[in-house]
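Each reported figure results from applying straightforward, stated rules to the coordinates on display, with no laboratory input. Note that this is a predicted model, so its numbers are computed, not measured. We place every Cβ from the backbone using ideal geometry, glycine too, and count neighbours over all the protein chains shown.
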């Protein structure tokens, strides 16, 4: 029984709560931190509530380090498709054994 509790604790420690553009809290599972062209990007998976459909799409955000004195990290969206593709390609290569990636067309 303690193994189940440890697994639950591990899963909860990977959860990040962010606010969307409407100020609503959204939970994400932290998957990885990727460094690309001297910048850091987080790869997040939206936490799906029971009964909702999981499309399996990840969210990639840039770590915003402009506020050096802030104790909390902040993230900004990435508009450059080439950067998003490059970061996702690095992520796919690192985790090719753990995830089944499909090309969403």
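From least to most packed, judged by other beta carbons within 10 angstrom and beginning with the fewest, 90, 34 follow the order 90, 34. For the peptides 93-102, 24-33, 72-81, the ranking by mean Cβ contacts within 10 Å, running from highest to lowest, is 24-33, 72-81, 93-102.
Each of 38, 13 was scored by other Cβ atoms within 10 Å of its Cβ. Listed from fewest to most, they are 38, 13.
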